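**Q** Before anything else, here's the structure in question.
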Amino acid sequence: MKCKSCDGEALVRCSSCSGEGIDYGIHKCETCAGEGQLACLECEGTGKVSLFKKFGSKTS
């Protein structure tokens, strides 16, 4: 099943630098190492979520 958080792309935009890779003018963003994107936490960077894992995480 396709991950809804990242729309199946496996990457999400960094919230610290808004996906630009630069934080506070000329400094490289430390959160994403200057790439502007991070692996999606919900699907662990695969772009897909199994049904069992999806339903299991909501009940925990």
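The values are calculated or read from the model by the stated rules, or taken from the named source; none is laboratory data. The structure presented is a predicted model; accordingly, all values stated were derived computationally and were not measured. Neighbour counts run over all protein chains shown; Cβ positions are idealised from the backbone, glycine included.
**Q** In segment 1-15, how many are loosely packed, with under 13 Cβ neighbours inside 10 Å and over 22 Å from L51 (Cβ atoms)?
**A** Counting residues in segment 1-15 that are loosely packed, with under 13 Cβ neighbours inside 10 Å and over 22 Å from L51 (Cβ atoms) gives 1.
**Q** Let me ask you something else. Mind checking which residues of segment 19-57 are more than 12 Å from the chain's Cα centre (by Cα), in a loop (DSSP other than H, G, I, E, B) and either modelled with pLDDT under 90 or farther than 30 Å from M1 by Cβ (or both)?
**A** E20, G21, Y24, G25, I26, C29, E30, G34, V49, S50
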